[in-house]
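Notes follow once the structure below has been shown.
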Amino acid sequence: MGPSNSNNNTCERSCCRVAMFSGLKEKVGEVLLPGDEFSLETDDTISLTEHVKPEKVVCGPGLRRSGDRLLVCKSGVLRHKQPNMFWMDSQQRRYVPAKGETVIGIVTVKSGDVFKVDFGGSEQASLSYLAFEGATKRNRPNVQVGDLVFSQFIIANKDMEPELVCMDSSGRANGMGVFGGGGLLFSVSLGLVRRLLSPHSGVLSDLQQLFPCELVVGMNGRLWVKSSSVQQTLVISNLLQSCDTMTAQQRQQLFRRVAQGAL
Amino acid sequence: MANDSVKLSKNLLRMKFMQRGLDAETKKQLEEDEKRIISDEHWYLDLPEFKAKENLIIEEKSFVPCEDLKYGRISFKGFNPEVEKLMLLMNPKEEEEEEEEEVSRMQTDVTDEEMALRYESLVESMKKKFAKKRERAAVSADVNSNVVESDTKRVFLKPQD
């Protein structure tokens with residue numbers, strides 16, 4: 001894990017960060033398990049010749065900071081993005097809310113000024129009736145129990161009740177809010193959701209060639225599909241659900257068969 | 001005045017409205033006293049100095065910034081035009097290159113010649129504006145074709161029945 005066999009140009013920087021960086025970078029693409037750790041050794045020797053600004057490391061989901069060390073807390077593959085972002089790529093179905101993520105929730109309780117929304121996590125989230133576009137104290141949004149809402153986490157941490165809003169910071173809905181009429185809601189793994197939303201997604205480009213349809217993708221693993229007929233909606237939902245465990249080749253083959261009308 | 005102030009109590013002298021009449025020395029002394037009282041009353045914990053180290057690890061709980069995930073509303077083949085508009089709005093990644101082009105084009109959007117031409121016509125229209133009503137016709141005629149004005153004097157034409 002030491003910096004000895006890392007690339008040479010990093011050695012020139014007399015920064016303490018180098019040790020950890022190379023340790024992390026060497027492991028990119030490898031499987032790591034919870035409990036693995038990277039120590040961040042801060043050298044006490046300060047170089048006098050140049051002032052090196054210490055670089056910051058962004059640790060994404062699956063990595064946790066504990067003092068000066070970086071702990072792995074999810075099993076999976078370590079990923080890296082320039083300049084220094086690291087995260088664990090893991091497969092799971094249980095959703096843990098994260099601030100800023102958009103999810104599909106189901107309104108379960110309507111009580112006074114907050115709605116309770118089930119998003120598939122450990123706890124229900126609260127959603128204020130004022131957190132909709134154009135809502136005021138007088139003008140309440142029309143939300144019923146059982147409605148689907150596409151909304152964004154504004155509070156999500158392990159100690160507090162998660163809170164959702166249906167608008168962005170400038171008060172616009174931007175596609176969030178109550179939706180769903182004539183569509184179908186189903187759940188897939190979180191990995192598939194990420195594959196669907198990733199830029200240049202193969203699944204989406206395959207799906208694009210089938211029928212005109214609309215998708216709402218929640219980061220919590222919920223998918224909502226609407227198409228011009230019930231049959232097409234069902235076909236798309238079945239395809240997406242089976243995509244989870246298929247290779248790209250198998251998927252393309254299946255999609256081709258559907259496009260030809262075999263299914 | 002000085003003799004009077006000796007008799008007054010210190011607490012009274014510390015009041016705001018009494019400060020005007022005080023001379024510099026007593027003022028200074030009073031301030032020092034006040035400072036001492038404040039520092040005596042000030043509590044502090046006898047702890048070693050806590051040195052906060054700069055945090056070099058930033059935690060990010062969401063996958064969205066890591067994997068550059070797109071917005072979760074998608075529509076294909078014009079099924080929901082509103083959502084397709086939203087997709088363009090919310091996923092600006094792909095248009096980045098185009099935007100750069102736009103910026104570079106914007107810098108040379110109006111060439112110097114174009115600007116000169118534009119101002120030329122502007123000068124004319126401003127001239128027209130300040131010209132009097134009768135002159136205006138003359139000005140426009142002059143501008144448009146440089147035709148020498150025909151000397152037809154306007155007269156009232158009696159309408160035919």
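Values quoted throughout were computed directly from the atomic coordinates according to the rules given, and no laboratory measurement underlies them. Nothing here was measured: the structure is a model prediction, and the numbers come from that model. Reconstructed Cβ throughout: ideal geometry from the backbone, glycine too, with neighbour counts over all protein chains shown.
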For this session: Subtracting the Cα-Cα distance from 0.36 nm times the residue separation, let me have the gained length for A:SER229 to A:ASP68 in nm, one decimal.
Result: 52.4 nm
Problem set entry | Contact order relative to length of chain A, as percent, for alpha carbon pairs under 8 angstrom and 6 or more apart | 13
Seminar exercise, completed: Least to most buried among B:ASP23, A:ASP206, B:ASP68, by other C-beta atoms within 10 Å and fewest first, runs B:ASP23, B:ASP68, A:ASP206
Exercise. What FRET efficiency do you get for A:LYS158 and B:LYS77 if R0 is 51 Å and r is their Cβ-Cβ distance, rounded to the nearest 0.05?
Worked result: 0.75
Seminar exercise, completed: Expected vector for region A:146-161, Karplus 3J(HN,Hα) from phi with 6.51, -1.76, 1.60 and θ = phi - 60°, integer Hz, x for Gly and Pro, equals x, 5, 9, 10, 9, 8, 10, 7, 10, 10, 8, 9, 6, 9, 10, 5
For this session: Report, in cubic angstrom per residue, the convex hull volume of the C-alpha atoms of region A:102-179.
Result: 86
Seminar exercise, completed: Taking r as the C-beta separation of A:GLU55 and A:ARG140 and R0 as 56 Å, the FRET efficiency to the nearest 0.05 is 0.70
Exercise. Taking other Cβ within 10 Å of each residue's Cβ, how do B:LYS127, B:LYS158, B:LYS35, A:LYS226 sort, fewest first?
Worked result: B:LYS158, B:LYS35, B:LYS127, A:LYS226
Seminar exercise, completed: Among A:VAL225, A:VAL203, A:VAL28, the residue with the largest mean-square fluctuation in a Gaussian network model of chain A built from Cα contacts under 10 Å is A:VAL28
Seminar exercise, completed: Residue-normalised 222 nm signal for chain A, counting each DSSP H run of n ≥ 4 as -39,500 (n - 2.57), nearest 500 deg cm²/dmol, is -6000 deg cm²/dmol
Exercise. Just going by the charge dipole of chain A, with Lys and Arg at +1 and Asp and Glu at -1 on Cβ, which of A:ALA135, A:LEU234, A:VAL217 is farthest out on the positive end?
Worked result: A:LEU234
Seminar exercise, completed: Among region A:26-40, those whose backbone N falls under 18 Å of a label point 7 Å along Cα→Cβ from A:LYS81 are A:28-30
Seminar exercise, completed: Of the listed pairs A:LYS158/B:LYS61; B:LYS127/B:LYS153; B:LYS10/B:LYS35; A:LYS25/B:LYS70; A:LYS27/A:LYS81, those with alpha carbons more than 19 Å apart are B:LYS127/B:LYS153; A:LYS25/B:LYS70
Exercise. Which lysines have a Cα less than 20 Å from the Cα of A:LYS110, not counting those fewer than 8 places away in the same chain?
Worked result: A:LYS137
Problem set entry | Values of log10 I(q)/I(0), in the order q = 0.19 Å⁻¹, for region A:49-154 under a Debye, Cα-only, solvent-free model | -0.96
Problem set entry | Positive-end extreme of charge dipole, chain A - chosen from A:GLN260, A:LEU190, A:GLN152 (charges on Cβ) | A:GLN260
Problem set entry | Likely footprinting exposure, B:MET126, A:MET176, fewest C-beta neighbours within 10 Å first | B:MET126, A:MET176
